[in-house]
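This report concerns only the one structure given below.
Where a number appears in this text, it was derived from the coordinates with a stated rule and is not lab data. None of the values given here were measured: they were computed from a predicted structure. Heads up, the Cβs are rebuilt from the backbone with ideal geometry, glycines too, and the neighbour counts pull from every protein chain shown.
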Amino acid sequence: MAPAGQASPWRALGDLAHVGFAFVVATALGLGAGYYADRWLGSNPWLTLVGLGLGIAAGFVNFFRSIRAAQQDENDAR
């Protein structure tokens, strides 16, 4: 257990796990949506690639938002 006034290392580990999990989920959802749009429209492989790119971009946006929130929490703790 962390001393009073200090963040728990378990909380930091949980935040890191959340970022990694959200990145993978965003990428997989974008890829899946692009794949099924390709099957529906017959435009193989273009929409799959677009969906993959959008999923990766969404994962990075979430990653940078998490970094900004962690920096804000650290600044508030000081």
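Per-residue answers, yes or no, for (1) in contact with a helix residue (DSSP H, G or I) (Cβ under 9 Å, 6 or more places away or on another chain); (2) small (Gly, Ala, Ser):
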site: Ala26; (1), (2): yes, yes
site: Gly30; (1), (2): yes, yes
site: Tyr35; (1), (2): yes, no
site: Asp38; (1), (2): yes, no
site: Asn44; (1), (2): yes, no
site: Gly51; (1), (2): yes, yes
site: Asn62; (1), (2): yes, no
site: Arg68; (1), (2): no, no
site: Gln71; (1), (2): no, no
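Just to be sure I understand the filter: pairs with C-beta atoms under 7 Å, separated by 6 or more residues or on different chains, first member in region 20-47 and farther than 20 Å from Gly59 by Cα, second member not hydroxyl-bearing (Ser, Thr, Tyr) and not in a helix (DSSP H, G or I). Which pairs pass? Matching pairs, first to second residue: Asp38/Asn44; Asp38/Pro45.
Only one of these is touching an Asp or Glu at 6+ places or on another chain (Cβ under 7 Å) and in a helix (DSSP H, G or I): Thr27, Thr48. Name it. Before the answer, list the steps.
On the way: Thr27 fails: touching an Asp or Glu at 6+ places or on another chain (Cβ under 7 Å).
Result of the check over Thr27, Thr48: Thr48.
Scanning region 30-45 for residues that are assigned to a helix (DSSP H, G or I) and surrounded by 11 or more Cβ atoms within 10 Å (Cβ to Cβ) turns up Gly30, Leu31, Gly32, Ala33, Gly34, Tyr35, Tyr36, Ala37, Asp38, Arg39.
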